1. So Ile220 ticks every box in (1) touching a Pro at 6+ places or on another chain (Cβ under 9 Å); (2) surrounded by fewer than 19 Cβ atoms within 10 Å (Cβ to Cβ); (3) modelled with pLDDT of 85 or more but one. Which box is left unticked?
2. Give all pairs with beta carbons closer than 8 Å in which a residue from the range 40-59 that is more than 17 Å from Val108 (Cβ to Cβ) meets a residue that is part of a helix (DSSP H, G or I) and of a type in the set (D, E, K, R); count only pairs at least 6 apart in sequence or on separate chains.
3. Restricting attention to the range 95-110, does a residue exist that is outside any loop (DSSP other than H, G, I, E, B), surrounded by 13 or more Cβ atoms within 10 Å (Cβ to Cβ), within 13 Å of the chain's Cα centre (by Cα) and in contact (Cβ under 8 Å) with a residue 40 or more places away in the chain?
4. Between Ile205, Ile158, which is more than 18 Å from Thr106 (Cβ to Cβ) and either at pLDDT below 75 or in a helix (DSSP H, G or I) (or both)?
5. Take the range 129-145 and flag every residue that is surrounded by fewer than 14 Cβ atoms within 10 Å (Cβ to Cβ) and at pLDDT 70 or above.
6. Among what's in the range 27-50 and is closer than 17 Å to Leu223 by Cβ and not hydrophobic (A, V, I, L, M, F, W, C), pick the residue that is surrounded by the most Cβ atoms within 10 Å (Cβ to Cβ).
7. Can you tell me which residue among Met57, Met68 is surrounded by fewer than 20 Cβ atoms within 10 Å (Cβ to Cβ) and touching a helix residue (DSSP H, G or I) at 6+ places or on another chain (Cβ under 8 Å)?
Amino acid sequence: MLLGVFLVWYSLSKVSIEELVEYAKNADYTWIILGVFLGLLSHLSRAYRWLFMLEPMGYKIKFGNSVMAVFATYLINYTIPRAGEVARASIIANYEDVPFEKGFGTIVAERIADLIVMFGIIGITLFLQFDFIYAFLIEKFNPIKILIVLFGCVLLSIFFFRFVKKSNSKIALKIRTFVGGLIEGALSIFKMKKKWAFIFHTLFIWGMYVLMFYVTSFSISELDGISAGAILIGFISASFSIAATNGGIGSYPLAIYAAFSIFGIPEDPSIAFGWIMWASQTLMLIICGGLSLIYLPIYNRNKVSKSA
């Protein structure tokens, strides 16, 4: 949280509040609203995708509960990082009688699927923009130092995996168990009856993420004609920033600015776009997440009264 506050201050030192307000006034809200709608579709798809993972275990939960649990997850993650996933499993355990460990296990498997798609987006971006990225790195960094760092990372990785594979220490055993669980969770996706529907929704979710990022860029006139490479690298950078601070507060605009600066896009519209993108999606999640937490006990009042 303190890092987020610092980054908010730092970003506002780059672009004043008055300038951000001016960008917000001049923004085309048609594109912002469309971006919010696409984001909403991705979250609804995520809630529907969850049903495919719970059904093989014998749990047919209400779609409404799945939707509200997903929105509650995002809202709670703004307060305590990753606490939303725990809350999501707890909500379904409370209202749908899905054991917490099983619900949480499906959430971990979901994250693995999302991570695979994210790596796929990174791979596609590196393939499409290899010449540009390579030229940028050569210009900004000493290639010999880059090779030394990469070689060092490879050696450390080999040493780490050999240690984990052969060691009988408690740490190594825990790492092996954890990695094995992740692999098993990822492979379980391909064993479910509706795996193709699951894969479709996973690709749809991330397609909506990229599309909402792209269409929202049209709201800032200074970003007119922005390249696909800038969009993809900006999206990747912004996605990682969400893990850096609670919900990407402060880090999201700066991550976009850092990515866009590679393409020579000016600082002011880059940071302004980052704030507009972050604020519009955050506002949607706060409203939907807040309403979900309020409406959950009302929606499940029959179950609550029976258990009382």
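The values are calculated or read from the model by the stated rules, or taken from the named source; none is laboratory data. What you see is a predicted model, and the numbers here were worked out from it, not measured in a lab. Cβ: placed from backbone, ideal geometry, glycine included. Neighbour counts: every protein chain shown.
1. Failing condition for Ile220: (2).
2. Partner pairs satisfying both residue conditions: none exist.
3. Checked against the condition, which is being outside any loop (DSSP other than H, G, I, E, B), surrounded by 13 or more Cβ atoms within 10 Å (Cβ to Cβ), within 13 Å of the chain's Cα centre (by Cα) and in contact (Cβ under 8 Å) with a residue 40 or more places away in the chain, the range 95-110 yields at least one hit.
4. Just a single option satisfies the conditions, and that option is Ile158.
5. Across the range 129-145, the qualifying residues are Phe130, Asp131.
6. Restricting to residues being closer than 17 Å to Leu223 by Cβ and not hydrophobic (A, V, I, L, M, F, W, C), the top hit is Gly35.
7. Met57
Yes/no matrix, rows are residues, columns are (1) within 25 Å of Thr79 (Cβ to Cβ); (2) surrounded by 21 or more Cβ atoms within 10 Å (Cβ to Cβ):
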residue	(1), (2)
Lys193	no, no
Tyr214	no, no
Ile231	no, no
Asn246	yes, no
Ala272	no, yes
